[in-house]
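Below: the structure, in structure tokens.
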Amino acid sequence: MTQVEICCGVGGTGKTTTAAALGVGHALAGHRVVVLTIDPARRLADALGTQTLGNTPSRVPLADAPGELWALMLDRKDTWDKIVRRFSSDADRAEKLLENRYYKAVSTRLTGSHEYMAIEKLHELVSSEQWDVVVVDTPPTRHVVDFFEAPERVRRVFDHSVISKLIRTSNGLFGFASKSAMGVFHRLAGEREIEDIYELFNLISDLSHGFRSRHSEVRDLLRANTTTYWLVANADAPQRNNIIGFLSALRERDMYFGGFLLNRCEADPGRVSQLGPVPAPALNSEQTDTWSEALERLLRRQHTRALRHQAAGQGLSASAGDAPVWMLPELSGQLRATAGLSDLARCLPPLAAASISPVSD
Ligand SMILES: Nc1ncnc2c1ncn2[C@@H]1O[C@H](COP(=O)(O)OP(=O)(O)OP(=O)(O)O)[C@@H](O)[C@H]1O
Ligand SMILES: [Mg+2]
């Protein structure tokens, strides 16, 4: 049975980074894992070797890992094209749609299409039964629920009854348009464009059955008890408002929430008073004092920030019924190599227990 882990969160919180780190952790724990990444930042792409990857998994070398780490980067267009070929009633219609000049623009711009493609790819990876774990990075969104609402949104767009209304030819072409509106449209667009758009709708209507039947499989996968949702939050801006919406959306859909991954936390330098004076042999006593004071100020600031992040973690946990929180440190420029990801992985499941755990009765 393949376990699925989905990293959600608002834009820029570290979804791609934590997804990669979860993947590394699973490989270190002996699992055969694949990470589906979406537009990784360049350094991370280098770390995962995804710069040259296509839409299929490639092995990422990982020293001393008893398991296997694989990664792929979502290619939206390729994934859409595959769907068209799979859902079209025949190869001829599929090729016609793929060649339609409006198809490319419409298909990749549909609201939710990016998310839908990720889910489609996830479905493909799970169906292959090759993996112990599939880790999914999610596309940048303003609302964390956008990800699992995508299948429903896309299904509605491809709903046969809606499309057939659009292309009903009672008055020549599009049934929805009044004659005068069509007159304006003809003048603006021209006969050739209208033909192409009509063909686009007609061919797309062919896909609607495929989308409908796929929808229930995808919905089951997103709700399976082997699918876990992690919410990635930035330690400096944990965005609690978003979290309430996210959790209630998960609950409404019977989806399993694993906990919070609080990213970019300050590591506590320890008790500043216990650090003692800082030796600076080449300095006179006045300079040494200045040195020590400056360093102490820095450490105090770090300590205060670490406490603030700890409190943010506790606040998150409390806002979600004492949910577990994993605190991930801020790394300085080490993400270029898998070593940086291994450091993060050691703070994450399955290698680490939560640093803020549910309160037991
Ligand atoms: N713990 C960390 N330490 C240091 N840098 C980090 C850490 N986590 C993330 N970053 C950096 O922050 C930036 C944003 O991270 P990432 O790309 O993972 O966020 P994201 O949520 O996937 O963003 P988007 O919503 O745009 O897809 C990247 O440059 C990444 O290298
Ligand atoms: Mg990302």
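The values are calculated or read from the model by the stated rules, or taken from the named source; none is laboratory data. Just so we're clear, the structure is a prediction, and the values are computed from it rather than from any experiment. With ideal geometry, Cβ positions are generated from the backbone for all residues, glycine too; neighbour counts draw on all protein chains shown.
Structure data summary
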quantity	calculated
In segment 37-64, the residues that are more than 12 Å from ligand 1 (Cβ to nearest atom) and at pLDDT 75 or above	Asn55, Thr56, Pro57, Ser58, Arg59, Val60, Pro61, Leu62, Ala63, Asp64
Top-ranked residue in segment 6-35 [being more than 9 Å from ligand 1 (Cβ to nearest atom) and over 20 Å from Leu62 (Cα atoms); ranked as modelled with the highest pLDDT]	Ile6
Residue ID - surrounded by the most Cβ atoms within 10 Å (Cβ to Cβ), chosen from residues in segment 89-138 that are hydrophobic (A, V, I, L, M, F, W, C) and free of Cβ contacts under 8 Å to residues at least 12 places away in the same chain	Ala94
Total residues in segment 332-346, condition at pLDDT below 90 and under 19 Å from Leu22 (Cβ atoms)	7
Within segment 9-51, tally of residues that are of a type in the set (D, E, K, R) and buried (at least 20 other Cβ atoms within 10 Å of the Cβ)	1
Residue in segment 113-145 that is modelled with the lowest pLDDT, counting only those that are part of a helix (DSSP H, G or I) and within 16 Å of ligand 2 (Cβ to nearest atom)	His114
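Each row is one residue, and each column tells you yes or no for (1) part of a helix (DSSP H, G or I); (2) at pLDDT below 80; (3) within 16 Å of ligand 2 (Cβ to nearest atom); (4) under 30 Å from Leu69 (Cα atoms).
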position	(1), (2), (3), (4)
Arg264	no, no, yes, yes
Pro269	no, yes, no, no
Ser292	yes, yes, no, no
Arg300	yes, no, no, no
Ala312	yes, no, no, no
